[in-house]
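Notes follow once the structure below has been shown.
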Amino acid sequence: MENIREITKDSAKDTFRRVKRHFSPALALAGKFTGRGAVEASAEGSRVTLSDGRSMLDFGSYAVALLGHRNPAVVAAVRAQLDVMPASTRTVQSPVPPLAAERLTGYLGGGLDRVFFGCGGADAVEVSVKLARMATGRTTVIAVEGAFHGKTLGALALTDNPRFKKGIEPLLQGVVHIAPDDPDAVAKVVREQEVAAVIFEPVQAENGVRLLDETVLARWCEDAHAHGALVIADEIQVGLRRCGPRSVALAAGLPVDGVLLGKPLGGGVVPVSAAVCNDRLYAPLLSDPLLHTATFSGHPLGTAVIPAALDAVEGQAENGARIAAAMERGLADLRGQYPDALVEVRGRGLLWGMDFRSPEMAGDVLTGLAQAGLVVSPCISRPTTIRLLPPIVATDQDVKEALSLLGEAIAKAAAAA
């Protein structure tokens with residue numbers, strides 16, 4: 001197989017052939033269309049270079065590239081661990097995961113001192129719900145309408161999208177979805193059922209970047225705890241300064257029992273996630289640490305990058321705030337310029353959703369941006385919405401370029417409608 005550093009147009013054709021044969025013809029067609037026949041060749045910072053030499057600005061990557069691509073400190077941490085011991089015996093204790101846990105719990109401010117490391121966001125969701133059920137001896141879990149918590153069977157039961165459930169139901173039983181704007185919703189459910197946990201995303205990224213009302217969330221926490229239930233904040237996509245603070249829920253003063261983190265936790269280089277818990281939620285694993293295990297939970301190569309990633313995020317916090325303000329102003333201007341096409345703009349920090357008049361128009365803008373050189377992310381649960389996820393390392397020029405490309409793509413889509 002070709003060296004990844006020597007990708008050419010010819011090898012790009014081979015890539016699409018392989019994708020079509022081994023993955024999906026539809027996936028190959030979509031990738032060929034948006035990349036104009038090219039594939040990813042390399043990346044650094046906020047930019048991705050394609051096999052035909054074109055450069056793309058990355059304001060997408062499904063929230064993984066918060067630090068951009070190949071952050072030097074993160075790459076150095078990976079290389080250092082790779083040179084000594086990337087995996088673990090799982091019999092003798094490695095010093096790397098507990099150090100990462102110490103740094104992560106301290107980063108969140110204390111109070112949540114227990115950690116379970118996974119490889120993906122769904123890992124963190126699954127273990128947190130499993131622990132809540134075991135800790136309380138109850139089975140009902142309250143989730144929120146519009147929620148997205150993953151596509152594994154357990155996490156999918158919490159996800160509020162019938163598209164992904166068709167043909168595989170019944171899923172995890174005992175899940176109740178509540179309206180996101182009803183402060184009495186948790187109280188109503190706990191009067192009728194024995195609830196183990198309430199799980200919510202402070203910002204529903206996949207649901208079109210919907211910000212949940214923090215006063216409603218505070219009421220839910222109060223009613224859940226009064227009932228003896230646990231509260232879990234899923235911040236896999238929105239935490240770690242993606243939406244401003246280190247943790248959206250903790251910054252709001254919400255008394256959650258667990259915060260779930262992932263996506264940028266591995267610095268945009270390695271896959272790693274974490275369920276950060278208090279003693280009550282983590283209690284089953286305190287009694288028996290073998291109740292929930294995974295071969296690559298806390299693997300050294302993944303956890304070695306966490307301290308470097310957290311330091312890098314903090315080092316860019318002020319830049320992130322400036323970029324966020326510039327994005328907010330720029331998107332408001334675009335909303336004013338194209339009110340018939342761009343129906344609404346919502347967001348916080350480095351996560352923004354643009355609602356278009358129709359799914360077709362959103363699709364036209366999405367593909368137009370990709371072909372023009374700007375990577376963004378669709379909302380798989382809301383086809384009228386496109387998400388912008390600028391990296392915290394973006395420059396003022398990056399933002400200016402992104403907004404310019406957005407304006408051009410919206411103008412073309414509006415003219416063609």
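The values are calculated or read from the model by the stated rules, or taken from the named source; none is laboratory data. All values reported here derive from a predicted model rather than from experimental measurement. We place every Cβ from the backbone using ideal geometry, glycine too, and count neighbours over all the protein chains shown. These accessible areas exclude ligands, DNA and RNA; they are computed on the full protein's heavy atoms, side chains included. Shrake-Rupley method; radii C 1.70, N 1.55, O 1.52, S 1.80 Å.
To keep it simple, each residue is scored yes or no on (1) farther than 17 Å from R348 by Cβ; (2) in contact with a strand residue (DSSP E or B) (Cβ under 8 Å, 6 or more places away or on another chain); (3) outside any loop (DSSP other than H, G, I, E, B).
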| position | (1), (2), (3) |
| --- | --- |
| V216 | no, no, yes |
| G239 | no, yes, no |
| P255 | yes, yes, no |
| L260 | yes, yes, yes |
| P264 | no, no, yes |
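In this structure, is P339 in a loop (DSSP other than H, G, I, E, B), at pLDDT 95 or above and either under 16 Å from A124 (Cα atoms) or open to solvent by 10 Å² or more (accessible area, probe 1.4 Å) (or both)? Here the answer is yes, as P339 does meet what is asked. For segment 329-355, a residue qualifies if it is under 21 Å from A63 (Cα atoms) and touching a residue at least 24 places away in the same chain (Cβ under 8 Å), and the qualifying residues are G330, L331, R346, G347, R348, G349, L350, L351, W352, G353, M354, D355.
For every residue, the table says whether it meets (1) in contact (Cβ under 8 Å) with a residue 24 or more places away in the chain; (2) surrounded by 16 or more Cβ atoms within 10 Å (Cβ to Cβ); (3) in a helix (DSSP H, G or I).
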{"residue": "G268", "(1), (2), (3)": "yes, yes, no"}
{"residue": "V276", "(1), (2), (3)": "yes, yes, no"}
{"residue": "Y282", "(1), (2), (3)": "yes, yes, yes"}
{"residue": "L291", "(1), (2), (3)": "yes, no, no"}
{"residue": "E318", "(1), (2), (3)": "no, no, yes"}
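Taking segment 383-399 as the region of interest, how many residues are open to solvent by 10 Å² or more (accessible area, probe 1.4 Å), in contact (Cβ under 8 Å) with a residue 12 or more places away in the chain and either part of a helix (DSSP H, G or I) or closer than 14 Å to A372 by Cβ (or both)? It would help to see each step written out before you state the result.
Quick first cut of segment 383-399, residues open to solvent by 10 Å² or more (accessible area, probe 1.4 Å) only: 383-384, 393, 395-398.
Now drop any that are not in contact (Cβ under 8 Å) with a residue 12 or more places away in the chain, which leaves 383-384, 393, 395-396, 398.
In the following step, the residues that additionally are either part of a helix (DSSP H, G or I) or closer than 14 Å to A372 by Cβ (or both) were identified as 396, 398.
Selection size over segment 383-399: 2.
The condition (being open to solvent by 50 Å² or more (accessible area, probe 1.4 Å) and closer than 27 Å to F148 by Cα) is satisfied by just one residue among E360, E408: E360. For segment 62-77, the candidate set comprises residues that are among the β-branched types (V, I, T) and within 14 Å of K263 (Cβ to Cβ); within that set, the residue that is surrounded by the most Cβ atoms within 10 Å (Cβ to Cβ) is V74.
Among the residues making up segment 221-265, none is touching a Cys at 6+ places or on another chain (Cβ under 9 Å), surrounded by fewer than 24 Cβ atoms within 10 Å (Cβ to Cβ) and touching a residue at least 60 places away in the same chain (Cβ under 8 Å).
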